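Written out below as structure tokens is the structure these notes cover.
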């Protein structure tokens, strides 16, 4: 269960991380549907791509009205989300998720009893318990780049 939770936290943190460090495109997101969440389309400011059906993240209920146009960021044309938040908001999104990844790794080490071993076995068990969340995070970062 913790491995699945860790993978989820890494997945939801990957795109905000890339956007916060400057990878991605800035453009305009136009809200077209607010029934089942804020959905719309995104046009990159440099005209490099158009994403026709994306979730628009970072808008409150009042900002998510059909026809609303907001400045947003997208990692690539393959991404499913456009983020209409500030750089600070993006940092908060990825830092929160990564903190939960670290906590999940520590919980994996604790629940598996890795610290009960002695000698080199303890180091290997703790290392593997912490390496699994790190590997999941690297995989998610690679997949969203």
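Among the residues of the stretch 85-107, is there at least one that is crowded, with 18+ Cβ neighbours inside 10 Å, assigned to a strand (DSSP E or B) and in contact with a strand residue (DSSP E or B) (Cβ under 8 Å, 6 or more places away or on another chain)?
So in the stretch 85-107, the residues crowded, with 18+ Cβ neighbours inside 10 Å come out as 85, 90, 93-94, 97-98, 100-101, 104-105.
Those still in the list that are assigned to a strand (DSSP E or B) too: none.
The answer is no, given that none of the residues of the stretch 85-107 is crowded, with 18+ Cβ neighbours inside 10 Å, assigned to a strand (DSSP E or B) and in contact with a strand residue (DSSP E or B) (Cβ under 8 Å, 6 or more places away or on another chain).
Let's see how each residue does on (1) over 18 Å from the mean Cα position of the chain (by Cα); (2) in a helix (DSSP H, G or I); (3) on the phi < 0 side of the Ramachandran plot:
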{"position": "7", "(1), (2), (3)": "no, yes, yes"}
{"position": "23", "(1), (2), (3)": "no, no, yes"}
{"position": "26", "(1), (2), (3)": "no, no, yes"}
{"position": "37", "(1), (2), (3)": "no, no, no"}
{"position": "63", "(1), (2), (3)": "yes, no, yes"}
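Pull up the stretch 39-61, narrow it to residues that are part of a loop (DSSP other than H, G, I, E, B) and out of contact with any helix residue (DSSP H, G or I) (no Cβ under 7 Å at 6 or more places or on another chain), then point me to the one that is nearest to residue 89 (Cα to Cα).
The first filter runs over the stretch 39-61 and keeps only residues part of a loop (DSSP other than H, G, I, E, B), leaving 45-49, 58-61.
Add one more test, that the residue is out of contact with any helix residue (DSSP H, G or I) (no Cβ under 7 Å at 6 or more places or on another chain), and what stays is 45-49, 59-61.
Numbers: 45: 21, 46: 23, 47: 25, 48: 25, 49: 24, 59: 11, 60: 13, 61: 17 Å.
Top of the filtered list is 59.
So, in the stretch 9-21, exactly how many residues are touching a strand residue (DSSP E or B) at 6+ places or on another chain (Cβ under 6 Å) and either assigned to a strand (DSSP E or B) or loosely packed, with under 14 Cβ neighbours inside 10 Å (or both)?
0
Here, each number is a calculation from the coordinates, and none is a lab measurement. Because the structure is predicted, anything quoted here is derived from the model rather than measured. A quick note on method: Cβ atoms are made from the backbone with ideal geometry, for glycine too, and the neighbour counts reach across all protein chains shown.
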